[in-house]
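Report on the following structure.
Readers should treat all values here as calculations from the given coordinates under stated rules, not as data from a laboratory. What you see is a predicted model; the values in this text were computed from it and never measured. As a convention, Cβ positions derive from the backbone with ideal geometry for all residues, glycine included, and neighbour counts pool all protein chains shown.
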Ligand code: ADP
Ligand code: MG
């Protein structure tokens, strides 16, 4: 998939030399990564390689120890107000959905637009209903999270993020808690969003999604970005030997 990005487009998101340690343990080592507007970048790598930590550094759930993060060309510091504004622009979807169990589906989606953006109840409701159609479960508006399947819950979580009109979506293994028959319905929604130009940074080992939707695939190992390949190079097999070894393990 080519989106004809011009070479001098400023990246929406730019990570330069990000370091992060927990005590003596270096979780991220000099990680640099750009994500341009409209791009979808998939991150793969073994468990413990730092993929979740990298995403958490992007939306400042974890402060990095070193390096720089730029969003829309502006350096992000750890000033609280700044971080608050940044988080409005960044949607995040987790492995375990993290919906509010005491709220209905539609109320889950309405909450942030009303609370954070000060939107009226009626407007938030209209947006929520529209987004439920977008994620293909308009009929579940009044259900509670424990009354719908995992695949449906994850699509509600995606709709809830989209309600804030984020400039980029971060997904952290969004299908890894799902039964196999539900993976497809979530992946299809994500791929559609990507094809419509939603900038996305996705930790996933769903290589079908990567092939369809990713402009680039990044391989992380032991806190380092080992590979950052175009879709064509990656699926054409032009990857380094460590990436190849990892792929052989997950594909066979
Ligand atoms: P991945 O998402 O690739 O599986 P993570 O980013 O979750 O990897 O974790 C990378 C490493 O950092 C792991 O070894 C993990 O145990 C460690 N780690 C993650 N979060 C913390 C934390 N809050 N405190 C200490 N160690 C952590
Ligand atoms: Mg993880």
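Summary table
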{"quantity": "Rel. contact order, % - alpha carbon contacts under 8 angstrom, at least six apart, segment 130-252", "calculated": "18 percent"}
{"quantity": "Kirkwood hydrodynamic radius over Cα pairs of segment 1-122, then Stokes diffusion coefficient at 20 °C and 1.002 mPa s, in µm²/s", "calculated": "129 µm²/s"}
{"quantity": "The chain - percent relative contact order, Cα under 8 Å, separation 6 or more", "calculated": "26 percent"}
{"quantity": "Among 136-144, 55-63, the order from most to least packed when residues are scored by Cβ within 10 Å on average", "calculated": "55-63, 136-144"}
{"quantity": "Proxy reagent accessibility, fewest Cβ within 10 Å first, across 111, 85, 162", "calculated": "85, 111, 162"}
{"quantity": "With Cα atoms, 0 to 90° folded angle of helix 105-115 axis to the chain main axis", "calculated": "80 degrees"}
{"quantity": "For segment 188-252, alpha-carbon Rg relative to the globular expectation (2.2 N^0.38 Å, N residues)", "calculated": "1.12"}
{"quantity": "Acute angle (nearest 10 degrees) that the helix 80-89 long axis makes with the longest principal axis of the chain, alpha-carbon atoms", "calculated": "80 degrees"}
{"quantity": "Structure-based [θ]222 nm, the chain - -39500 (n - 2.57) summed over DSSP H runs of at least 4, per residue, nearest 500", "calculated": "-11500 deg cm²/dmol"}
{"quantity": "Cα centroid separation, segment 139-182 to segment 43-106 (Å)", "calculated": "17 Å"}
{"quantity": "Gaussian network model of the chain, Cα within-10 Å springs - most flexible of 241, 161, 52", "calculated": "241"}
{"quantity": "Rounded to 10°, Cα long-axis angle of helix 241-251 versus longest principal axis of the chain", "calculated": "40 degrees"}
{"quantity": "Within the chain, percent of DSSP bridges classed antiparallel, to nearest 5", "calculated": "55 percent"}
{"quantity": "For the chain, average projected area of the Cα convex hull in nm²", "calculated": "14.0 nm²"}
{"quantity": "Ranking of 82, 245, 125 by count of other Cβ atoms within 10 Å, fewest first", "calculated": "245, 82, 125"}
{"quantity": "Segment 81-195: equivalent-ellipsoid semi-axes (sqrt of 5 x gyration tensor eigenvalues, Cα, Å)", "calculated": "21, 17, 13"}
{"quantity": "Ranked list, fewest to most other Cβ atoms within 10 Å of each Cβ, for 188, 79", "calculated": "79, 188"}
{"quantity": "Linear extension gain, residue 184 paired with residue 126, 0.36 nm per residue minus alpha-carbon span", "calculated": "18.2 nm"}
{"quantity": "Nearest-0.05 FRET efficiency for residue 114 and residue 242, computed from C-beta distance (R0 41 Å)", "calculated": "0.30"}
{"quantity": "Contact order relative to length of segment 149-207, as percent, for alpha carbon pairs under 8 angstrom and 6 or more apart", "calculated": "48 percent"}
